[in-house]
Amino acid sequence: MSTPVDDGALIRQIEQLSDQTITDCYQCGGCTAGCPVGEIMEPPPSRAIRLLQLGRVHELLDSQGIWLCASCMVCGNRCPRGVDYAKIAEACRAIKLRAKYSRVDPDTIVIDETEEIPQQAFVAGFRKFAG
Ligand code: SF4
Ligand code: SF4
């Protein structure tokens, strides 16, 4: 049986998986201003990072925003502090997916057509591994 992970450990896991430092963000809002889906994403990137700075990690992990991020990389390119929110959102999605699916072997994976795997999981994987 797995032990529950405390909020601080979850935030460190997000930082480790994304290779980003949450406290580097000084909340200028540039990422949100440039995000093509920022108006409908809840929370938008700058607020998502603020939630992590405040330790409210589950509000972000349970949000629809991490699944709306299209991994377009605009936010990271605009950030004066070099924070790449696309990687943070990807780390959050990985944590959610890992809690549901164990590690899969691509040669033996079976797609259950009755169960939806979020499209963004494939888009982000393509961005990460292609090119
Ligand atoms: S990577 Fe995601 S959060 Fe960043 S600008 Fe693109 S859609 Fe918005
Ligand atoms: S652009 Fe960078 S510093 Fe500004 S709010 Fe976004 S992540 Fe934080």
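The values are calculated or read from the model by the stated rules, or taken from the named source; none is laboratory data. Source: prediction; values computed, not measured. All Cβ positions, glycine included, derive from the backbone under ideal geometry; neighbour counts span all protein chains shown. Surface areas here come from the heavy atoms of the whole protein model, side chains and all, with no ligands, DNA or RNA. Shrake-Rupley method; radii C 1.70, N 1.55, O 1.52, S 1.80 Å.
Residue-by-condition table, conditions (1) without any contact (Cβ under 8 Å) to a residue 60 or more places away in the chain; (2) farther than 17 Å from Arg12 by Cβ; (3) among the aliphatic types (A, V, I, L, M):
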residue: Val37; (1), (2), (3): yes, yes, yes
residue: Ala48; (1), (2), (3): yes, no, yes
residue: Arg56; (1), (2), (3): yes, no, no
residue: Trp67; (1), (2), (3): yes, yes, no
residue: Gly76; (1), (2), (3): yes, yes, no
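In this structure, does Val5 turn out to be away from ligand 1 (no atom under 16 Å from the Cβ), on the phi < 0 side of the Ramachandran plot, not hydroxyl-bearing (Ser, Thr, Tyr) and not in a helix (DSSP H, G or I)? So Val5 passes the test.
Of the helices (runs of 4 or more DSSP H) entirely within the stretch 20-100, those holding at least 2 residues that are closer than 24 Å to Asp7 by Cβ and open to solvent by 50 Å² or more (accessible area, probe 1.4 Å) occupy 45-53, 57-61, 65-68, 85-100. Against the criterion of being open to solvent by 50 Å² or more (accessible area, probe 1.4 Å), away from ligand 2 (no atom under 11 Å from the Cβ) and either more than 13 Å from the chain's Cα centre (by Cα) or under 15 Å from Ala94 (Cβ atoms) (or both), Leu17 qualifies.
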